[in-house]
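Only one structure is covered here, and it is reproduced in the block below.
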Amino acid sequence: MRNSIGLSAAILAAAIAPAAADAANVIPSNWSSITAPVGDGVLRPGSPWGPGSNAPALDRIVDGIFAPEQHQWNNDSFWWDQTQTVSPYYITIQLSHSFSFDRLVLQGDDNDNYLVEYWSGGAWHSAFTAAAVNSFGLITRDSGILPSFSTDRFRLSAFGGDQYYAISEFQAFAGGGGVPEPATWAMMILGLGAIGAALRRRRPAATVRFT
Ligand SMILES: [Ca+2]
Ligand SMILES: [Ca+2]
């Protein structure tokens, strides 16, 4: 039975592998919710940033589309004035399931720092800081290849800069192109083993005997 379980897993892996050749941004097709506190889109009294702005929209962060580089920070982004909102101001992105990630990309306002954290083991962990750059408007920052980590939840926040904050795109790349993480494989193989064991015993797997 062990040989046939191993063969089944190998066949399954071979069937999935060809589609997983390249790393992919998994966010657009796998986010299930994105949330942020109230207060976005409100400018401090006397701010010069009203002209050229449009209303913030959370789904712009997860739609897989970059704004033009150096686009005005509060146009076609999700934006908030930190002086007009709660602090810290967290944007949380929930995914449908866990992936193993090794690269993050964030497009946000140039002169602020953006922190990307992931949820694992009952705590938030820092994954990447998109540091301030000396430019204008929305600028893309790429983490490059990171030590891989698994999660089904990200949290974005901003610090420093001028407290006019904006994010227009967040991308997270699964190193294997979005294949199930090892824990998922282990569960699948255990499941096959359980089926095999049940067949071998020729009795219901869920039987519990009290003595
Ligand atoms: Ca976008
Ligand atoms: Ca700013």
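Laid out as a table, the results:
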item: Residue in segment 81-90 that is over 19 Å from Val38 (Cβ atoms) and crowded, with 17+ Cβ neighbours inside 10 Å present; result: no
item: Failed criterion for Ser96 (all others in (1) surrounded by fewer than 20 Cβ atoms within 10 Å (Cβ to Cβ); (2) within 26 Å of Gly39 (Cα to Cα); (3) touching a residue at least 60 places away in the same chain (Cβ under 8 Å) hold); result: (2)
item: Hits in segment 111-126 - residues which are within 15 Å of the chain's Cα centre (by Cα) and open to solvent by 60 Å² or more (accessible area, probe 1.4 Å); result: Trp119, Trp124, His125, Ser126
item: Complete set of residues in segment 38-82 that are within 14 Å of ligand 2 (Cβ to nearest atom) and free of Cβ contacts under 8 Å to residues at least 24 places away in the same chain; result: Pro48, Asn75
item: Failed item in (1) under 23 Å from Leu58 (Cβ atoms); (2) within 16 Å of ligand 2 (Cβ to nearest atom); (3) open to solvent by less than 50 Å² (accessible area, probe 1.4 Å), with Thr129 passing the rest; result: (3)
item: Residues of segment 44-67 classified as within 11 Å of ligand 1 (Cβ to nearest atom), assigned to a loop (DSSP other than H, G, I, E, B) and surrounded by fewer than 18 Cβ atoms within 10 Å (Cβ to Cβ), total; result: 5
item: Matching residues, segment 82-95, being among the polar types (S, T, N, Q) and within 10 Å of the chain's Cα centre (by Cα); result: Thr92, Gln94
item: Single match in Gly108, Gly137, Gly39 (criterion: within 16 Å of ligand 1 (Cβ to nearest atom), over 18 Å from Ala172 (Cβ atoms) and open to solvent by less than 30 Å² (accessible area, probe 1.4 Å)); result: Gly137
item: Filter result for Asp102 (over 22 Å from Phe173 (Cβ atoms) and away from ligand 2 (no atom under 13 Å from the Cβ)); result: no
item: Candidates Tyr118, Tyr114, filtered to the one that is within 15 Å of ligand 2 (Cβ to nearest atom) and either in contact with a helix residue (DSSP H, G or I) (Cβ under 6 Å, 6 or more places away or on another chain) or in a strand (DSSP E or B) (or both); result: Tyr114
item: The lone exception for Ser77 - which of (1) within 16 Å of ligand 1 (Cβ to nearest atom); (2) out of contact with any helix residue (DSSP H, G or I) (no Cβ under 8 Å at 6 or more places or on another chain); (3) among the polar types (S, T, N, Q) it fails; result: (2)
item: Residue check for Asp162: of a type outside the set (S, T, N, Q), in a loop (DSSP other than H, G, I, E, B), modelled with pLDDT of 55 or more and more than 16 Å from ligand 1 (Cβ to nearest atom); result: yes
item: Condition broken by Met1, with the remaining ones in (1) open to solvent by 40 Å² or more (accessible area, probe 1.4 Å); (2) at pLDDT 95 or above satisfied; result: (2)
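Residue-by-condition table, conditions (1) polar (S, T, N, Q); (2) modelled with pLDDT under 95; (3) in a strand (DSSP E or B):
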site	(1), (2), (3)
Leu146	no, no, no
Ile167	no, no, yes
Gly176	no, yes, no
Pro204	no, yes, no
Thr207	yes, yes, no
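The values are calculated or read from the model by the stated rules, or taken from the named source; none is laboratory data. Please read all numbers here as calculations on a predicted model, not as lab measurements. Here the Cβ is made from the backbone with ideal geometry for all residues, glycine too, and neighbour counts use every protein chain on show. Remember, those area values only see protein heavy atoms, side chains included, never the ligands or the DNA or RNA. Shrake-Rupley method; radii C 1.70, N 1.55, O 1.52, S 1.80 Å.
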